[in-house]
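Contents: one structure, followed by commentary.
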């Protein structure tokens, strides 16, 4: 069975992924992964995360995929036995030292996309080192992936959704050059997402717009990957795992994207494939830089100006109490809320609960709108004290 693999930068995202149907979740080991600025997990937190994932029948993988120096290798030598004892299902690594150490400690090893694996012979070499899966280079086409998967001695995994990097499989030196913060050590400050101008040496030519007049100042910022329309082709190609990018994204993003791909994959496996336009509508509600197909069929499209999602989130309040028998929550609001609003309730254990407001009560009386203060609302699932409440509203295009 193909695996749907989702990201987790913190516990709310972890729970959102599990509740949305992820088969597996990947997270970062503090100090040793490619998202140093995202929420990462200590060893005790990983132990708790493993317990939660296994409670949902899901697997949990830990990223240790930065470039490693000798002191980093020494630290891993101490930590990997603890990850094995915690019940981690696999380690995602790119440095050969990390691959070797993980295998020596009895851990399954998945080789990261950072290793830029793009041919079958490399997979045979890695198998001999104890590797059980490889995340293939993002620069491969669907036809190339199919060819590799058909003769691979180990599992192959590919990214299907999320941010793309202008560099080769993410191996970039721009952040290091400009800011002294190495992308290869997980500290990328993403200067590629800024506006840039391309001017010829003699100053006579300046790239500003394309043929249709679209401003091309975001020269180094490709659109996000989105392969929701091509689930059948991916699975028919022999891919073992479909990976969603986004350990820097919030729980509602993780829950929404995981839920959409879960439904799509299940529909194909049930032999009833039919693409739904509403899937794209849901994906466009959360953070995205415009959606494209990456390298699967052609070169990725550049020119994304940043988040172009159709909706934005406004924090409106927090949960102060939950009443299980009534299926209701008491919330403290600091912004208005009315019947019909789409809300996101997000927390460490709750994950991301997304629903419409169907009932509001203030002092025991039903109301259609409340400006601020305490109110009771019906909720479609359990929430917890301290969970944040967001209202999802259409983006102002003006």
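Listing for the model above:
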{"quantity": "Condition broken by residue 106, with the remaining ones in (1) surrounded by 15 or more Cβ atoms within 10 Å (Cβ to Cβ); (2) modelled with pLDDT of 95 or more; (3) under 25 Å from residue 53 (Cβ atoms) satisfied", "calculated": "(1)"}
{"quantity": "Among residues of the range 164-184, those that are closer than 29 Å to residue 124 by Cα and either in contact with a helix residue (DSSP H, G or I) (Cβ under 8 Å, 6 or more places away or on another chain) or modelled with pLDDT of 70 or more (or both), counted", "calculated": "10"}
{"quantity": "Within the range 359-370, considering residues that are touching a strand residue (DSSP E or B) at 6+ places or on another chain (Cβ under 8 Å) and without any contact (Cβ under 8 Å) to a residue 12 or more places away in the chain, the one farthest from residue 393 (Cα to Cα)", "calculated": "366"}
{"quantity": "Subset of the range 336-358 [in a strand (DSSP E or B) and either in contact with a strand residue (DSSP E or B) (Cβ under 6 Å, 6 or more places away or on another chain) or more than 13 Å from residue 13 (Cα to Cα) (or both)]", "calculated": "337, 338, 342, 343, 344, 345, 346, 352, 353, 354, 355, 356"}
{"quantity": "Single unsatisfied condition, residue 318 versus (1) assigned to a strand (DSSP E or B); (2) within 30 Å of residue 223 (Cβ to Cβ)", "calculated": "(2)"}
{"quantity": "Hey, residue 74 assigned by TED's automatic domain parsing to the domain that holds residue 97, modelled with pLDDT under 95, closer than 18 Å to residue 105 by Cα and surrounded by fewer than 21 Cβ atoms within 10 Å (Cβ to Cβ) or not", "calculated": "yes"}
{"quantity": "Residue in the range 213-226 that is at pLDDT 75 or above, surrounded by 20 or more Cβ atoms within 10 Å (Cβ to Cβ) and not in a strand (DSSP E or B) present", "calculated": "yes"}
{"quantity": "Any hit, the range 277-288, residues being at pLDDT 95 or above, assigned to a loop (DSSP other than H, G, I, E, B) and under 28 Å from residue 132 (Cβ atoms)", "calculated": "no"}
{"quantity": "Scan of the range 77-89 for residues that are within 14 Å of residue 53 (Cα to Cα) and crowded, with 20+ Cβ neighbours inside 10 Å, ordered by number", "calculated": "88"}
{"quantity": "Boolean, residue 187 is surrounded by fewer than 21 Cβ atoms within 10 Å (Cβ to Cβ), part of a loop (DSSP other than H, G, I, E, B) and modelled with pLDDT of 75 or more", "calculated": "no"}
{"quantity": "Failed item, numbered, when residue 237 is tested on (1) at pLDDT 70 or above; (2) within 30 Å of residue 30 (Cβ to Cβ)", "calculated": "(2)"}
{"quantity": "Helices (runs of 4 or more DSSP H) wholly inside the range 54-162 containing at least 2 residues that are free of Cβ contacts under 8 Å to residues at least 60 places away in the same chain and touching a strand residue (DSSP E or B) at 6+ places or on another chain (Cβ under 9 Å)", "calculated": "70-86, 96-104, 120-128"}
{"quantity": "Filter result for residue 391 (in contact (Cβ under 8 Å) with a residue 40 or more places away in the chain, within 29 Å of residue 222 (Cα to Cα) and in a strand (DSSP E or B))", "calculated": "yes"}
{"quantity": "Residue match in the range 118-134 (condition: closer than 22 Å to residue 257 by Cβ and at pLDDT 95 or above)", "calculated": "yes"}
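To keep it simple, each residue is scored yes or no on (1) surrounded by 18 or more Cβ atoms within 10 Å (Cβ to Cβ); (2) modelled with pLDDT of 95 or more.
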{"residue": "354", "(1), (2)": "yes, yes"}
{"residue": "358", "(1), (2)": "no, yes"}
{"residue": "364", "(1), (2)": "no, no"}
{"residue": "379", "(1), (2)": "yes, yes"}
{"residue": "382", "(1), (2)": "no, yes"}
{"residue": "395", "(1), (2)": "no, no"}
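Residues are listed down the side, and each one gets a yes or a no for (1) surrounded by fewer than 22 Cβ atoms within 10 Å (Cβ to Cβ); (2) closer than 29 Å to residue 348 by Cα:
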residue: 276; (1), (2): yes, no
residue: 286; (1), (2): no, yes
residue: 294; (1), (2): no, no
residue: 314; (1), (2): yes, yes
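To keep it simple, each residue is scored yes or no on (1) out of contact with any strand residue (DSSP E or B) (no Cβ under 7 Å at 6 or more places or on another chain); (2) in the same structural domain as residue 160 (by TED's automatic domain parsing); (3) in contact (Cβ under 8 Å) with a residue 60 or more places away in the chain; (4) more than 13 Å from residue 226 (Cβ to Cβ).
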position: 251; (1), (2), (3), (4): no, yes, yes, yes
position: 255; (1), (2), (3), (4): no, yes, yes, yes
position: 259; (1), (2), (3), (4): yes, yes, yes, yes
position: 267; (1), (2), (3), (4): yes, yes, no, yes
position: 278; (1), (2), (3), (4): yes, yes, no, yes
position: 288; (1), (2), (3), (4): no, yes, yes, no
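The values are calculated or read from the model by the stated rules, or taken from the named source; none is laboratory data. Being a predicted model, the structure only gives us computed values, none of them experimental. Positions of Cβ are generated from backbone atoms using ideal geometry, with glycine treated the same way; all protein chains shown enter the neighbour counts.
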